[in-house]
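So the structure is just underneath, and the comments pick up after that.
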Amino acid sequence: MSGDGKAANQGPAHRNIELAAAGLMGVFAILVVYGALQAGIGWGFEGPKAGFFPFIMGSILLIATAVNLWNGWQGSKTKIFAEWDQLKQVGAVTIPIAIYIAAIPFIGIYVASVLLIAYFMMRISSYGAVRTALVAIGVPLLTFIVFERWFLVTLPKGPLEAVLGY
Amino acid sequence: MIQSKSSSLFVAAAALGVALSGTPASAQWEPQRPVEIIVPAGTGGGADQMARAIQGIVAKHNLMKQPIIVINKAGGAGSEGFLDVKGSAGNPHKLIITLSNLFTTPLGTNQPFSYKDFTPVAMLALDEFVLWVNAEKPYKNVKEFLAAAKAGGFKMAGTGSRQEDQIITAAIEKAAGVKFIYVPYRGGGEVAVQLVGNHADATVNNPIEAVAHWRGGKLRPLCVFDAKPLPYNEKIAGDAAWSSIPTCKSQGLDVEYLMLRGFFMTPGATPDQVKFYVDLFQKVRATPEWKDLMNNGAFNTTFMTGKEYVEWVAREHTRHFNLMKEAGFLSTN
Amino acid sequence: MAEFVNLFNGFATVLAFQDVNIFGTTLSLPFNVFIMIVGIVLGVIIGVLPGLGGANGVAILLPLTFSMQPTSAIILLSCIYWGALFGGAITSILFNIPGEPWSVATTFDGYPMAQQGKAGEALTAAFTSSFIGAFFAVIMITLLAPMVAAFALRFGAAEKFAVYFLAFASFVGLSKEPPFKTLAAMLIGFALATFGTDHMTGSLRLTFGTEILLPGFDFLIAVIGLFGIGEILLTMEEGLKFKGKDAKINLRVVLQTWAKLPQYWWTYLRSCVIGCWMGITPAGATPASFMSYGIAKRVSKNGKNFGNGEIEGVIAPETAAHAAGKSALLPMLALGVPGSPTAAVLLGGLLIWNLQPGPMLFVENKEFVWGLIASMYLGNVVGLIIVLTCVPLLAAILRIPFGIIAPIILMFCAIGAYTVRNSFFDVIMMLAFGVLGYLLKKTNYPLAPLVLAMVLGDRAEEAFRQALVGSGGSLGVFFANGLVSSIMLLGFIALFWSVISAGISRVRGVKPATAG
């Protein structure tokens, strides 16, 4: 879509990504078929067994994937998926999100959110320290009050909250 | 710099919160945080209703300083909830309310937990099971019903698979020498409606799930799977009360089954902590709301704690093992 | 018409003045109206925050209501439910994140509208449609309650499967994406729905011996990831801001939108009927919204523009979802079977107040039942007024810069994913689904069939197998009586609609289509 007709060397080829996506689906389909075989795919007196449906779904998915792979192979070789700069932008949020999620079990969702908001505001946009601090601390704090105190929904908490008695 | 600022602010704000809520020091143990009740079943079911009723009763009568939070973890026939509690050893702020899947899930699916992993607190009640048929059907008692069922092809609707309803069905099959087609559904209410709509021939619904249809003249109770008739004399449908339903045994169908509604704590809970919750449940049992709940659901109100409770649970486990073994429901792997 | 007398008494119950003690002075207030407003506002908040579903909110507040009169309590709880129904549309339209499962279909056209600077219009259309759908359902409940309840009883497993089949068939058809990509997306959805415990045999499947896969994949997690996170990644690729231009920030947009709505009266009527039908059967609000969207897309003369910000694409799913949401309460009251998780929690409440849902409730607790029905009428009107006045405020949220709003959205997505089942694994899955959503969108796989297959897949499989267990494995059960046969037939017609309509136009001659 984007970058159509531009020079081909500014990003990964659309065709490769297309093939990778189809390949991923193929792996998923094989996994489903394998799991279904484990669960039993027969059709007994009581109708289909546990693995019957996943087996059918996995098998058809495998066929559909094969067609998509073939179509992908035939696709344009010059079209790019996205420019490297654009992908860098995507990575600039995906990696922090991954770190954010990985940190939740250790420092809790509230403290992790403070850091995430601060990172976004200071690095991705460039806000000053005061405004960043205000939003980055204020929003998770408000969320904490709404969830933990008012609605009594417990979310993952870390050592800081433990020290404070939650 | 931002971070240090943030945490100091956070500390200040939260310290204020602690100061307001206060932490009284007393000799007896009591919860310092909100207490979670894990429900190893979905929202709206019997166990969930009981947990939420207790939550409400404790809040209304101020029986505990900390609030109760109900959390449903129904995945994997309840193993999600049980494994969570098993993995929270030493956390005294977590309880689990059990139903028969405490026994049936590890036996039927080979999940790595057993009743021995948990610290028993108390049995609050036992849920009854009643054999129901559609009121339009000609059979008025167990004998006539079983005679008709002998022809074969009778559909028994029930909640879940390889769980209490199917175990009772298998026990009836064995005791009476008949064969049913067991059709599993997700919830007891749905099961009762299948019977009202004549999509099934019989059910073993809990009283609370089917009572409305009985009052409406759509369903007919044939017998109760308990050793003695229910003690509730209030008229429900015409002249009939819960107490007028005969026991199955007296009708020549020798099957008894009651389902545990009890509490367990995480592994390694201390006697002090157990005592706190036992006392709490005693207080809950004394409230009028609890008595109404028992009355509505025609529960068996047996209360047990300590050694008596442990022995009861062990006996039930053996019984489930045998019942499931005979029915071929044990996990094969 | 005894119903009208009953309803009138119901209004009297709701509007009755009660002595309320406020700050030491006793005032006479229409307490239930006050409760209603509180409930709606709370409900909207609950609907907007992805971590607090309607069921969740009602369950949490249920204990607080034990000290109230049952009528006041159920008014509070049901108004939270209505409020949550309204609120679910807000995040769908503004951020492409459905707050509730039934607002997924609202994102298809609501979000593109917001991107084109028409957020106010989309919100107004969504709220108004919710109101109309709900109102239609309430009128039906008032007039037809006993008949509808009797009809609902005719639905066994085979009939239920037929309804799911019909819902699916009417949504899936020719789309602009390549057919094999549509098929693959759909199958991924179906396959994802089968992970975890098999409800029919109680055995595990596709868990590969792990504990984390026991509960399977939750629909909401997939939706938050695919739509919400996926959209943020796309936005990052395309530059730093949400593409939404500044929306008009005044209440005039409400009136301007209203002027446009009457021309869609046929869409409204159709969606109301679909919604009520799905609510009673009871398939629920989520399939209803998809089915209504799918049919509108095929029938409408603007069908080709669906997905690019067509107002009709907001009207159809919202109307149906709310008609279904309300009518789902009817099976609960009349039969004791909840049509939705929230209804299930409300059911628990009824039992605690000593009100036994079922056929006798309408006879023995007239005041309560008609008070509840009257509160549905009034709650709806109050709700509409409240949310419409918020439209400018909500549209203004889009003016917050991406650098601030994006991490806050991410935080709420994580909270939402976690609270679905209190599972950390789900938060990880959310990110995985987010990356998947980005990839699929870029490689031209449609997401809607995947999501619908995930919603319907495991319910449909269950009903299919229940029917077969009962019939001893014979497929004839799906054509065993007039009801199930006609639903199945409708399903097949919907499935092959594009083929059939192509055939019809060929029979009519080579005249070129005028609506093209």
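The values are calculated or read from the model by the stated rules, or taken from the named source; none is laboratory data. Everything quoted here is computed from the prediction, not taken from an experiment. Note that each Cβ is placed from the backbone with ideal geometry, even for glycine, and that neighbours are counted across all protein chains shown.
Which residue is modelled with the lowest pLDDT, if the candidates are limited to the stretch B:99-124 and must be aliphatic (A, V, I, L, M) and under 20 Å from B:K307 (Cα atoms)?
So the first thing to find is which residues in the stretch B:99-124 are aliphatic (A, V, I, L, M), and the list is B:99, B:102, B:107, B:121-124.
Subset that is under 20 Å from B:K307 (Cα atoms): B:99, B:102, B:121-124.
Values: B:L99: 88, B:L102: 94, B:V121: 96, B:A122: 96, B:M123: 96, B:L124: 95.
Only one residue tops the list, namely B:L99.
How many residues are part of a helix (DSSP H, G or I), at pLDDT below 80, within 14 Å of another protein chain (Cβ to nearest Cβ) and more than 17 Å from C:A126 (Cα to Cα) if we restrict to the stretch C:47-93?
Matching residues across the stretch C:47-93 total 13.
From the list C:F8, C:F23, C:F31, C:F17, which one is surrounded by fewer than 14 Cβ atoms within 10 Å (Cβ to Cβ), modelled with pLDDT of 75 or more and of a type outside the set (A, V, I, L, M)?
Numbers: C:F23 fails: modelled with pLDDT of 75 or more; C:F31 fails: surrounded by fewer than 14 Cβ atoms within 10 Å (Cβ to Cβ); C:F17 fails: modelled with pLDDT of 75 or more.
Among C:F8, C:F23, C:F31, C:F17, only C:F8 is surrounded by fewer than 14 Cβ atoms within 10 Å (Cβ to Cβ), modelled with pLDDT of 75 or more and of a type outside the set (A, V, I, L, M).
How many residues, within the stretch A:101-126, are farther than 18 Å from A:T154 by Cα and more than 7 Å from every other protein chain (Cβ to nearest Cβ)?
Number of matching residues: 6.
Would you kindly identify the helices (runs of 4 or more DSSP H) lying entirely within the stretch B:203-319 that contain at least 3 residues that are surrounded by fewer than 21 Cβ atoms within 10 Å (Cβ to Cβ) and touching a residue at least 24 places away in the same chain (Cβ under 8 Å)? Spell out the reasoning first.
Numbers: elements: B:207-215, B:271-285, B:288-296.
By residue number, B:271-285, B:288-296.
Restricting attention to the stretch A:51-75, which residues are surrounded by 14 or more Cβ atoms within 10 Å (Cβ to Cβ) and of a type in the set (F, W, Y)?
The answer is A:F52, A:F53, A:F55.
Restrict the check to the stretch C:290-308 and report whether at least one residue is in contact with a Lys or Arg (Cβ under 6 Å, 6 or more places away or on another chain) and either at pLDDT 80 or above or of a type in the set (D, E) (or both). Spell out how you get there, then give the answer.
Keep residues of the stretch C:290-308 that are in contact with a Lys or Arg (Cβ under 6 Å, 6 or more places away or on another chain), which gives C:303, C:306.
Restricting the remaining residues to those that are either at pLDDT 80 or above or of a type in the set (D, E) (or both) gives C:303, C:306.
Yes - at least one qualifying residue is present in the stretch C:290-308.
Which condition number in (1) modelled with pLDDT of 85 or more; (2) within 24 Å of C:F227 (Cβ to Cβ); (3) more than 15 Å from the chain's Cα centre (by Cα); (4) surrounded by 23 or more Cβ atoms within 10 Å (Cβ to Cβ) is the one that C:I40 fails?
All conditions are met except number (2).
Can you tell which of A:A92, A:A82 is under 19 Å from the mean Cα position of the chain (by Cα), closer than 30 Å to C:K442 by Cα, outside any helix (DSSP H, G or I) and among the aliphatic types (A, V, I, L, M)?
On the way: A:A92 fails: outside any helix (DSSP H, G or I).
Step by step, each of A:A92, A:A82 is checked, and only A:A82 is under 19 Å from the mean Cα position of the chain (by Cα), closer than 30 Å to C:K442 by Cα, outside any helix (DSSP H, G or I) and among the aliphatic types (A, V, I, L, M).
May I ask you to list pairs of residues, at least six apart or on different chains, whose Cβ atoms are under 8 Å apart, with the first in the stretch B:173-192 being under 18 Å from B:E256 (Cβ atoms) and the second being acidic (D, E) and surrounded by fewer than 21 Cβ atoms within 10 Å (Cβ to Cβ)?
Close Cβ pairs (under 8 Å, with a partner that is acidic (D, E) and surrounded by fewer than 21 Cβ atoms within 10 Å (Cβ to Cβ)) amount to B:K174/B:E326; B:A175/B:D254.
On the basis of being touching a Phe, Trp or Tyr at 6+ places or on another chain (Cβ under 6 Å) and modelled with pLDDT of 90 or more, does A:A22 make the cut?
no
Inside the stretch A:76-113, can you point out the residues that are surrounded by fewer than 18 Cβ atoms within 10 Å (Cβ to Cβ), in contact (Cβ under 8 Å) with a residue 60 or more places away in the chain and of a type in the set (A, V, I, L, M, F, W, C)?
Result: A:W84, A:L87.
Restricting to the stretch B:187-202, count the residues that are out of contact with any Ser or Thr (no Cβ under 7 Å at 6 or more places or on another chain) and either outside any helix (DSSP H, G or I) or at pLDDT 95 or above (or both). Please lay out each step first, then the result.
First pass over the stretch B:187-202, keeping only residues out of contact with any Ser or Thr (no Cβ under 7 Å at 6 or more places or on another chain): B:189-190, B:193-194, B:196-202.
Right, trim to either outside any helix (DSSP H, G or I) or at pLDDT 95 or above (or both) and you get B:197-202.
Counting residues in the stretch B:187-202 that are out of contact with any Ser or Thr (no Cβ under 7 Å at 6 or more places or on another chain) and either outside any helix (DSSP H, G or I) or at pLDDT 95 or above (or both) gives 6.
Restricting to the stretch C:430-444, give me the number of residues that are surrounded by fewer than 20 Cβ atoms within 10 Å (Cβ to Cβ) and part of a helix (DSSP H, G or I).
Residues meeting the conditions: 4.
Is it the case, given these coordinates, that C:T182 is more than 10 Å from chain B (Cβ to nearest Cβ) and not in a helix (DSSP H, G or I)?
Values: more than 10 Å from chain B (Cβ to nearest Cβ): yes; not in a helix (DSSP H, G or I): no.
No, not satisfied.
On the given criteria, is C:Y445 more than 22 Å from C:A191 (Cα to Cα) and at pLDDT 85 or above? Don't jump to the end; show me each part of the working.
Values: more than 22 Å from C:A191 (Cα to Cα): no; at pLDDT 85 or above: yes.
It is false that C:Y445 is more than 22 Å from C:A191 (Cα to Cα) and at pLDDT 85 or above.
Is the stretch C:229-245 home to any residue that is surrounded by 19 or more Cβ atoms within 10 Å (Cβ to Cβ) and outside any helix (DSSP H, G or I)?
Looking for residues that are surrounded by 19 or more Cβ atoms within 10 Å (Cβ to Cβ) and outside any helix (DSSP H, G or I), one finds at least one in the stretch C:229-245, hence yes.
Rundown of residues vs (1) within 14 Å of chain C (Cβ to nearest Cβ); (2) at positive phi, yes/no style:
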site	(1), (2)
B:K73	yes, no
B:A77	yes, yes
B:P112	yes, no
B:L131	no, no
B:M156	yes, no
B:A171	no, no
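Looking at C:T142, C:T210, C:T197, which one is closer than 18 Å to C:E462 by Cα and at pLDDT below 85? Spell out how you get there, then give the answer.
Working: C:T142 fails: closer than 18 Å to C:E462 by Cα; C:T210 fails: closer than 18 Å to C:E462 by Cα.
The unique qualifying residue is C:T197.
Take the conditions among the aliphatic types (A, V, I, L, M), within 30 Å of C:E231 (Cβ to Cβ) and either modelled with pLDDT of 85 or more or surrounded by fewer than 24 Cβ atoms within 10 Å (Cβ to Cβ) (or both) and apply them to C:A125. Does it pass?
Details: among the aliphatic types (A, V, I, L, M): yes; within 30 Å of C:E231 (Cβ to Cβ): yes; either modelled with pLDDT of 85 or more or surrounded by fewer than 24 Cβ atoms within 10 Å (Cβ to Cβ) (or both): yes.
In short, yes.
When you look at C:N422, is it farther than 18 Å from C:G43 by Cβ, within 14 Å of chain B (Cβ to nearest Cβ) and either crowded, with 20+ Cβ neighbours inside 10 Å or over 25 Å from the mean Cα position of the chain (by Cα) (or both), yes or no?
Spelling it out, it is not the case that C:N422 is farther than 18 Å from C:G43 by Cβ, within 14 Å of chain B (Cβ to nearest Cβ) and either crowded, with 20+ Cβ neighbours inside 10 Å or over 25 Å from the mean Cα position of the chain (by Cα) (or both).
Being closer than 30 Å to C:A16 by Cβ, part of a loop (DSSP other than H, G, I, E, B) and either at the interface with another protein chain (Cβ under 9 Å from one of its Cβ atoms) or in contact (Cβ under 8 Å) with a residue 24 or more places away in the chain (or both): is that true of C:N380 here?
Working: closer than 30 Å to C:A16 by Cβ: yes; part of a loop (DSSP other than H, G, I, E, B): no; either at the interface with another protein chain (Cβ under 9 Å from one of its Cβ atoms) or in contact (Cβ under 8 Å) with a residue 24 or more places away in the chain (or both): yes.
No, not satisfied.
Yes/no matrix, rows are residues, columns are (1) in contact with a Leu (Cβ under 9 Å, 6 or more places away or on another chain); (2) more than 10 Å from every other protein chain (Cβ to nearest Cβ); (3) within 22 Å of C:T235 (Cβ to Cβ):
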residue	(1), (2), (3)
C:P401	yes, no, yes
C:L410	yes, no, yes
C:L452	no, yes, no
C:G470	no, no, no
C:I487	yes, yes, no
C:S498	yes, yes, no
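When only residues in the stretch C:284-320 that are out of contact with any Gly (no Cβ under 6 Å at 6 or more places or on another chain) and among the basic types (K, R) count, which is nearest to C:A167 (Cα to Cα)?
Ranking the qualifying residues of the stretch C:284-320, first place goes to C:R298.
Is it the case that C:L226 is more than 8 Å from chain B (Cβ to nearest Cβ), surrounded by fewer than 23 Cβ atoms within 10 Å (Cβ to Cβ) and in a helix (DSSP H, G or I)? So that I can check it myself, show each step before the final result.
On the way: more than 8 Å from chain B (Cβ to nearest Cβ): yes; surrounded by fewer than 23 Cβ atoms within 10 Å (Cβ to Cβ): no; in a helix (DSSP H, G or I): yes.
Judged against the criteria, C:L226 is not a match.
Checking C:R205 against (1) within 14 Å of chain B (Cβ to nearest Cβ); (2) of a type in the set (D, E, K, R); (3) surrounded by fewer than 24 Cβ atoms within 10 Å (Cβ to Cβ), which single condition isn't satisfied?
It is condition (3) that C:R205 fails.
For the stretch A:136-166, give me the residue count where each residue is surrounded by fewer than 20 Cβ atoms within 10 Å (Cβ to Cβ), more than 7 Å from chain B (Cβ to nearest Cβ) and over 13 Å from A:I107 (Cα atoms).
Residues meeting the conditions: 8.
Does C:A324 meet the test of being buried (at least 22 other Cβ atoms within 10 Å of the Cβ) and not in a helix (DSSP H, G or I)?
On the way: buried (at least 22 other Cβ atoms within 10 Å of the Cβ): yes; not in a helix (DSSP H, G or I): no.
So C:A324 does not fit the description; no.
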